[in-house]
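Worksheet: one structure, shown below.
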Amino acid sequence: MARYTGPVCRLCRREGTKLYIKGERCYSPKCAFEHRPDPPGPRSRFRKKPTAYGLQLREKQKARRIYGVLEKQFRAYYRKATRIRGISGEILLQLLERRLDNTVFRMGLGSSRAEARQLVRHGHFTVNGRRVDIPSFQVRVGSEIAVHQASRNVPRFKELAGVGGQRGVPQWLEVNHEEMKGRVVRLPQREDVDAPLQEHLIIELYSR
């Protein structure tokens, strides 16, 4: 599957905001965006004013890069969101938040969504007692996510469990870092999403 393998700090500069793709480094003074926040590419004194389409496109790209989703996958989420009763933009964010890799990250058992996705792919997590290695797996209310018993002695998990609570856990999750497990207590709401997104622009883009 095609995936971006270039310098990820360039993506933050392109979107003009921190996307927290590199995890712990993004919270430190070493973050490249802190030293060079200007967009990549040739510098110009005369930058064009972004069009409505340009703003919508940038918002969609920002969402894709934050959650690590490819265009085909992202469009599928949009189509699913429009078929569910409710506000399409909020439902879209809800579907993205309920991905297993994002849930693991939000539980504090991954320093970034990219690391959480890799840990899920390597089979380190279970959902309701069954091992799941699909990052896009949708968790539901009542789902219990835990580090697999055979992986609990891995030094990285012990390290993550020790600092996992420092970033804060959203209210739609209930987490026990000592036991390396958590549970989905309710569906994520708009106020639970900390990503700097204007979801209505994404819906407008795909509705064109």
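Here the extension length gained between Asp194 and Val141 equals 17.1 nm, from 0.36 nm per residue of separation less the Cα-Cα distance. Applied to region 151-157, the Karplus parametrisation 6.51 cos²θ - 1.76 cosθ + 1.60 on θ = phi - 60° returns per-residue 3J(HN,Hα) values of 9, 6, 8, 5, x, 4, 5 Hz, with x for Gly and Pro. As a ratio to 2.2 N^0.38 Å, the alpha-carbon radius of gyration for region 99-186 is 0.93. Within the set Lys80/Lys181; Lys48/Lys72; Lys48/Lys80; Lys62/Lys181, which residue pairs have Cα atoms separated by over 32 Å? In this structure, Lys48/Lys80 lie more than 32 Å apart at Cα.
Full extension from Lys80 to Glu159: what is 0.36 nm times the residue separation minus their Cα-Cα distance, to one decimal in nm?
Numbers: separation 79, 0.36 × 79 = 28.44 nm, distance 3.69 nm.
Length gained, Lys80 through Glu159: 24.7 nm.
When each of Asp101, Asp192 is scored by the number of other beta-carbon atoms lying within 10 Å, the sequence from fewest to most is Asp192, Asp101. Inter-label distance, Ser207 to Arg167: 3.2 nm, where each label sits 7 Å from its Cα along the C-beta direction.
Taking the beta-carbon count within 10 Å as an exposure proxy, list Arg83, Arg64 from fewest neighbours to most. Please list the in-between numbers first.
On the way: Arg83 9, Arg64 19.
The order, fewest Cβ neighbours first, is Arg83, Arg64.
Counted by neighbouring Cβ atoms within 10 Å, the residues Leu160, Leu187, Leu11 run from fewest to most as Leu187, Leu11, Leu160.
Bear in mind that the values in this text are calculations on the coordinates, not laboratory data. Quantities reported herein were computed from a predicted structural model and do not represent experimental measurements. Please note: Cβ atoms are built from the backbone with ideal geometry, for glycine as well, and neighbour counts cover all protein chains shown.
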